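Working notes, structure below.
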Amino acid sequence: MKTKNALVPVEQLQNSILFIRGEKVMIDSDLAEIFGVSTKRLKEQIRRNIDRFPKDFMFQLTEKEKAEVVANCGHLKKLRFSPYLPYAFTEHGAVMIANVLNSQTAVKASILVVRAFVKLREVISTHKELAVKLKLLENKSDKHDKEIRVLFEAIRQLMQPPNPPRKLIGFKISAEE
């Protein structure tokens, strides 16, 4: 399902964002497809403008990371037999690629990429808010459980039969006298 301005399906764009090394990133082949260029051309432009891509914008995957990505992401199976290690780009790196490519398609695609990252951020923050609320409910529930146990214990004590009558204190006068 394509939107009016979308160059690729929105679902594909959202599914292209991965968590690697604690960062939300997109793989170079996915970005090349989104920007409408070949992966080779994309990497060529990056090499020509490498000073625009610091380590927090882009990093190269290790063999192990590549294998994990290929195993877990069906749309990246094409990387399995590639002799090259793919690059991963953060949100800022993806925007920088659009600046480097400098085409109308790249500009439109960069807007979609940024929106996908923002949407993902919103979803994650919603999950965090829900987790906090759930924890608060659990704490309230624990507090209520303790209070209910105290109430039940008090009711049980009230249900116990009264203690046997005590012996009277004082002098007894026997009937024989």
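The values are calculated or read from the model by the stated rules, or taken from the named source; none is laboratory data. Only a predicted model underlies this, so the values are computations on that prediction, with no experimental measurement involved. Here the Cβ is made from the backbone with ideal geometry for all residues, glycine too, and neighbour counts use every protein chain on show.
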Scanning the range 142-177 residue by residue, the ones that are acidic (Asp, Glu) and within 58 Å of the chain's Cα centre (by Cα) total 4
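Can you confirm whether the range 36-51 contains a residue that is assigned to a helix (DSSP H, G or I), within 19 Å of Leu112 (Cα to Cα) and either touching a Ser or Thr at 6+ places or on another chain (Cβ under 6 Å) or in contact (Cβ under 8 Å) with a residue 40 or more places away in the chain (or both)?
As a first pass, look at the range 36-51 and keep what is assigned to a helix (DSSP H, G or I): 39-48, 50-51.
Adding the requirement that they be within 19 Å of Leu112 (Cα to Cα) leaves 39, 42.
Now narrow it down to the ones that are either touching a Ser or Thr at 6+ places or on another chain (Cβ under 6 Å) or in contact (Cβ under 8 Å) with a residue 40 or more places away in the chain (or both): 39, 42.
So far as the range 36-51 goes, yes, one or more of its residues are assigned to a helix (DSSP H, G or I), within 19 Å of Leu112 (Cα to Cα) and either touching a Ser or Thr at 6+ places or on another chain (Cβ under 6 Å) or in contact (Cβ under 8 Å) with a residue 40 or more places away in the chain (or both).
Would you be able to say whether some residue in the range 80-90 is in contact with a Gly (Cβ under 6 Å, 6 or more places away or on another chain) and among the hydroxyl-bearing types (Ser, Thr, Tyr)?
no
Does Glu129 satisfy being assigned to a helix (DSSP H, G or I), of a type outside the set (A, V, I, L, M, F, W, C) and farther than 30 Å from Glu23 by Cα? Break it down stepwise before answering.
On the way: assigned to a helix (DSSP H, G or I): yes; of a type outside the set (A, V, I, L, M, F, W, C): yes; farther than 30 Å from Glu23 by Cα: no.
So Glu129 fails the test.
Is one or more of the residues making up the range 81-100 within 32 Å of the chain's Cα centre (by Cα), exposed (fewer than 11 other Cβ atoms within 10 Å of the Cβ), at pLDDT 70 or above and within 26 Å of Ile20 (Cβ to Cβ)? Explain how you work it out, then say what you get.
Of the range 81-100, the ones within 32 Å of the chain's Cα centre (by Cα) are 81-100.
In the following step, the residues that additionally are exposed (fewer than 11 other Cβ atoms within 10 Å of the Cβ) were identified as 81, 83.
Okay, now just the ones that are also at pLDDT 70 or above, so 81, 83.
Now restrict to residues that are within 26 Å of Ile20 (Cβ to Cβ): 81, 83.
The answer is yes; a qualifying residue exists.
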Enumerate the pairs (first residue in the range 77-96 and more than 18 Å from Met58 (Cβ to Cβ); second residue anywhere and at pLDDT 85 or above) with beta-carbon separation below 6 Å, excluding pairs fewer than 6 apart on the same chain, so at least 6 apart or on different chains. Arg80/Val70
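Looking for whichever is farther than 18 Å from Asp30 by Cα and modelled with pLDDT under 75 here; the options are Ala175, Ala154, Ala106, Ala116. Which one fits?
Numbers: Ala154 fails: modelled with pLDDT under 75; Ala106 fails: farther than 18 Å from Asp30 by Cα; Ala116 fails: farther than 18 Å from Asp30 by Cα.
Exactly one residue qualifies, and that residue is Ala175.
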The conditions are (1) surrounded by fewer than 13 Cβ atoms within 10 Å (Cβ to Cβ); (2) at pLDDT below 90; (3) of a type in the set (Lys, Arg), and Lys64 fails exactly one of them. Which is it? (2)
Criterion violated by Phe59 - all others in (1) part of a strand (DSSP E or B); (2) of a type in the set (A, V, I, L, M, F, W, C); (3) closer than 19 Å to Leu112 by Cα satisfied: (3)
Might you let me know whether the range 138-149 holds any residue that is free of Cβ contacts under 8 Å to residues at least 12 places away in the same chain and under 30 Å from Ile17 (Cα atoms)? no
Filtering the range 62-76 for residues that are touching a residue at least 12 places away in the same chain (Cβ under 8 Å) and part of a helix (DSSP H, G or I) leaves a count of 6
